Structure formats: structure tokens, C-alpha cells
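Structure, as C-alpha cells:
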Amino acid sequence: MVTAEQIKAAAERKDLLKKYLDIDAKKIQLEEEEIRTQVPDFWENQTQAEEQMRKVKSLKLWIELFENIENSIEELNISMEFFRENMISENELETAYNHTLTLIENLEMKNMLRNEEDKLGAVLKIVAGAGGTEAQDWASMLMRMYLRWAEANSYKAEVTNILDGDEAGIKSVTIQIDGEYAYGYLKSENGVHRLVRVSPFNAQGKRMTSFTSVFVVPLIDDTIEIEISQANLSWDTFRSSGAGGQNVNKVETGVRLHYKFKNPVTDKEDEIVIENTESRSQLGNKENALRLLKSQLYELELEKRRAETAKVEAGKKKIEWGSQIRSYVFDDRRVKDHRTNYQTSNVQAVMDGDLEQFIKAYLMEFGGK
């Protein structure tokens, strides 16, 4: 039964959001930014124009999301009056309340994405760890899970490189996910994922444990400038056939990028190696490999800037016992995040890409830190 106190509490959360997001200031800013798009030579510099349009779109989105909550609160108050007059059922009132609560929680979660890189797309890499064929199969299941998540959230996801497993599954895969705030949401997935199940690859039907790591970095766009020293850059080319190319588009030429540099986090000489087999042309693969390189370099600069090296390195643990961020126990029908203690029994929904509650729990606990 929805009470008047619950509706009042929802309205108070709405008022706090208005204050935290400074909605009135955003409305004034939106008017100013829209005026800038109306000058005659606006599109002469396409890069600047596109950046300006992104700024306008972002402001509109924040305002629209808040106004949706305002409208929903008003409708909820009307629903309560209708319920008191026996014009709607208790279930209808509860549905209206739950809808309002979802809008509020979603905006509260989005408000946790405050870092400049949160608004960017993401590069997600999955690497099978301890467990042999079982771990490689687990890595392919996680790949499917994230692709389904991207699809459900209207993100564009492309597999840029994949290395098949020896018998089943995959050894590693790199997925490029384009869309606003993809990194902000997916950064919660960075870490080791542990699977416990009765293995289909074990003749005795034993319960097996395997591990797979997930690494997520921001996918930079044209608004962020990253300098690359051409003297430290070298390329290899290879045919994208056999293992590593079977599950991607049939392409003629893959590229392997080598970049030697001084790591700004460790202050030591380092090397980044990136393979790309997505495009049907060598030029296309080179362009995307460079974009992925810039994303990794950007991530390193962010680590240095925020002096969070210790936290980041602690998160990149060895792929084995005791290092997992989340456990998926199939026969017990349980998925549990060890950082937030959020868990669910709907294992199938999670494997089908329903990660919203895990992401929400992480951001609400750690997003503002």
C-alpha cells in the first residue's frame, strides 16, 4: 500500500535533485548555447559545431529527465486523490509510484557520473583466466552478456578483435561500445568475474570454478586531443584468418600496433600492443587501432591526474581465487557483487544483459567518490 508519506519522500528527493543538478541554471545555459547554434557560419567549423550540438543535447537530456520526474510526481499526487475516491485500484496507484521511483533512481544514478570521462564510450576487453576450456567458455558467455547489455541500452557495439579458444569459447575479445555514458556505466564491470557451475566439459560432471577478467577504458572522441609520438609507433600486418578471425567480419588484412612510451603512472618504459581486425581495409583497421591506443593513453593520464594509481592497480588483480568482484553461481541460482553485496537469484536475466541493478548499486555506493 502506497502511503502519503512515501509520495512526500519522493517529492523531497525530486527537490534535492533539482538543487544538486542546478536545473534552473541549466535551462538558462541551454538558451545561451542554442543561440550560439543559430549564427550564419555555425557549420563552417564542423568539429566545433558538432561539439556545440553535443553540449546542447546533453543539457536538454538533463532537463528532460528532471521534468519527467516533475510530471510523474504530479501524476502520482493525482493518482492518490483518485485512489481515495475509489476511481483507481491499489495496483494502479502502486504502478504509478513505482514508475516515479524508477525515474528518480535512474537520475540519481546518472548524477553519480560526474567525472569528465564518464560521458564517453567504452573499450571493453575480456580475457579468460585460470580454468582452461571452462574459463574460455566463460569468457564467451561474458562477451554475449555485454553485447546484450549494449543492445538493450541502444549502444553501438563492435567486436574489434577476438581470439578463439582452443576447444570452445574465446581466449580474449575487445569490444568497442559507442554511446554517451557507456564508460560511466561499464566502469563498474572492471575486475575479475568468477563462475561456479557443473562443467559441461568435465566427464564426471564436477562442479568447476573459473575466472575471467574484464578491463574497461574510456573510448575517446574527437574532442579530446592525445599526442602520439610517430617515432615510437610501429606496425605489423597479418591475415585475419583462422583463430582470431573466425567470429569477425571476413577481412583481408589485420593490423598489430606497437607503441613504446614512458608510462605516466609507473614512470617506467612501457609498451602497448593493439590488434584490430574489424575493418575490411588495412587503413580502416589502422585508424581504429590508433583510436584504441589513444583511449588507453587517455586512461593512463586520468590515473595520473587523479592520483588514484593505488586504487586502479589494486583493481587489476591476478585472475584467480580471492580477487573476484562478482560471483556467478549457476546451480545455486545466485549472482553476487562482492563490493556492494547486491545479489540476485535471476541468473538467466543477468546473463542476458540485465546488469542495471548491479551498475546502480555500484554507482550509488562508489560513484560520488
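Where nothing but the Cβ of Lys and Arg (+1) and of Asp and Glu (-1) is charged, how large is the charge dipole of the range 4-111 around its Cα centre, in debye to the nearest 20?
That gives the range 4-111 a dipole magnitude of about 300 debye.
How many angstrom separate the Cα center of the range 70-135 from the Cα center of the range 204-223?
Spelled out, the Cα-based centre of one part sits 25 Å from the other.
Counting Lys and Arg as +1 and Asp and Glu as -1, what is the net charge of the other residues whose Cβ lies under 12 Å from the Cβ of residue 336?
+3
Nothing charged except the Cβ atoms of Lys and Arg (+1) and of Asp and Glu (-1): what's the magnitude of the dipole of the chain about its Cα centre? Round to the nearest 20 debye.
For the chain, the charge dipole is close to 1520 debye.
What is the sum of charges around residue 132, taking Lys and Arg as +1, Asp and Glu as -1, for the other residues whose C-beta is under 9 Å from the C-beta of residue 132?
With Lys, Arg at +1 and Asp, Glu at -1, the neighbours total -3.
Using only helices, what value at 222 nm comes out for the chain when you add -39,500 (n - 2.57) per DSSP H run of length 4 or more and divide by the total residues, to the nearest 500 deg cm²/dmol?
-15000 deg cm²/dmol
Set the Förster radius R0 to 35 Å, insert the Cβ-Cβ distance between residue 99 and residue 330 as r into 1/(1 + (r/R0)^6), and round the FRET efficiency to 0.05.
Using R0 = 35 Å, I get an efficiency of 0.60.
For residue 202, what charge total do you get from the other residues with a beta carbon under 14 Å from its beta carbon, if Lys and Arg give +1 and Asp and Glu give -1?
Neighbour charge sum, excluding residue 202 itself: -1.
Among 354, 24, rank each residue by its count of other Cβ atoms within 10 Å, from fewest to most, as a rough exposure measure.
24, 354
Here are labelled values, [x] 24, 52, 23, 2; [y] 25, 44, 23, 9, 0; [z] 29, 56, 15, 0, and one is the computed P(r) over Cα pairs in 20 Å bins from 0, in percent for what I pasted. Which one?
Entry [x].
If we count other beta carbons within 10 Å of each Cβ, what is the order of 149, 43, 62, fewest first?
43, 62, 149
Where a number appears in this text, it was derived from the coordinates with a stated rule and is not lab data. Please read all numbers here as calculations on a predicted model, not as lab measurements. Virtual Cβ from ideal backbone geometry, glycine too; neighbours counted across all protein chains shown.
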